[in-house]
Every structure is written in structure tokens, then in C-alpha cells.
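Chemist: Here it is, the structure in full.
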Amino acid sequence: VQLQASGGGLVQPGGSLRLSCTASRNIGVINSMGWYRQAPGKQRELVARTANTGTTNYADSVKGRFTISRGVAENTVYLQMSSLKPGDTGLYYCNAVKMGVQFWGQGTQVTVSS
């Protein structure tokens, strides 16, 4: 199983970015997909997650600014990030869960700086 993430980059504070992640088709039915991030010197943390049940979860720090969504093809997940802050800087990882097994993408760097 492979997760391919893209969309990271350098953006000024207040700017926007959209991350995309696609899982290889042979993964089958995915129960949930989400995004985690890891800043230098810090632990990896959940940013947002969406499940097949329709449930979505967001870190308190991103509520109202980030939106997670699934693509028409169920093996794709997006993260629309707006009003970005320097504290959002980090390596963003795509995550998928299938029957309790977690799969991780390679990470895409997001840097928010003026």
C-alpha cells in the first residue's frame, strides 16, 4: 500500500495551501483517512481525520481554518488550509486506516514564514 501526498510548500502567514493524498488502488476499502504533522523537536500530532461514517475530527489549533474532505474516489483525501500561521509549519503526513492497520505517506513539508 502506498500513500502519495503532495501540495506542501512555502507560504506567508495568512495564506492558504491545499494538500492532497491518494492511496494506491489495491488498498481496498479504507475506514478513515487523515493528516498528521510533526514540527521540529515535537511529536507527531493529529491535524484532521475523516471516517467513512462521516465523522471528522480536528485539532483545536486548526478548527475553523482547516477543512478535510474525501475525494470522489474514496482513496483520496484533501486538506484545505487557510489563515496559515507560523505554528502550522511542519512535515505533514497522510494517514489511512484499514481494519485497524495504519498506513503512512512520505510527508510533505509546509512552511509558513514571511
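Chemist: Among residues belonging to the stretch 65-114 that are closer than 21 Å to Q12 by Cβ and among the small types (G, A, S), point out the one that is least open to solvent (accessible area, probe 1.4 Å). I'd like the intermediate steps shown before the answer.
Modeler: Taking the stretch 65-114 as the starting set, the residues that turn out to be closer than 21 Å to Q12 by Cβ are 65-67, 79-92, 108-114.
From the residues that got through so far, the ones that are among the small types (G, A, S) too are 82-83, 87, 90, 113-114.
Numbers: S82: 37, S83: 65, G87: 61, G90: 1, S113: 59, S114: 130 Å².
The selected residue is G90.
Chemist: Could you list all residues from the stretch 21-50 that are open to solvent by less than 30 Å² (accessible area, probe 1.4 Å) and either outside any loop (DSSP other than H, G, I, E, B) or touching a His at 6+ places or on another chain (Cβ under 8 Å) (or both)?
Modeler: Passing the criteria: C21, A23, I27, S32, M33, G34, W35, R37, V47, A48, T50.
Chemist: Between A59, A48, which is among the small types (G, A, S) and in contact with a helix residue (DSSP H, G or I) (Cβ under 9 Å, 6 or more places away or on another chain)?
Modeler: A48
Chemist: Which numbered condition trips up Y58, out of (1) surrounded by 18 or more Cβ atoms within 10 Å (Cβ to Cβ); (2) in contact (Cβ under 8 Å) with a residue 12 or more places away in the chain?
Modeler: If we test Y58 against (1) surrounded by 18 or more Cβ atoms within 10 Å (Cβ to Cβ); (2) in contact (Cβ under 8 Å) with a residue 12 or more places away in the chain, just (2) comes out false.
Chemist: Considering only residues of the stretch 60-113 that are in a loop (DSSP other than H, G, I, E, B), modelled with pLDDT under 95 and at negative phi, which is nearest to the chain's Cα centre (by Cα)?
Modeler: Among residues in the stretch 60-113 that are in a loop (DSSP other than H, G, I, E, B), modelled with pLDDT under 95 and at negative phi, the one nearest to the chain's Cα centre (by Cα) is G105.
Chemist: Any chance you could count how many residues in the stretch 7-19 are part of a strand (DSSP E or B) and either at pLDDT below 95 or closer than 18 Å to Y58 by Cβ (or both)? Quick ask: steps written out before the conclusion?
Modeler: First, the residues of the stretch 7-19 that are part of a strand (DSSP E or B): 9-11, 17-19.
Restricting the remaining residues to those that are either at pLDDT below 95 or closer than 18 Å to Y58 by Cβ (or both) gives 17-19.
Adding up the residues that qualify gives 3.
The values are calculated or read from the model by the stated rules, or taken from the named source; none is laboratory data. These numbers were taken from a predicted model, which means no experiment stands behind them. Glycine also receives a Cβ, built like all others from the backbone with ideal geometry; neighbour counts cover every protein chain displayed. Protein only, heavy atoms only, side chains kept; ligands, DNA and RNA dropped before computing areas. Shrake-Rupley method; radii C 1.70, N 1.55, O 1.52, S 1.80 Å.
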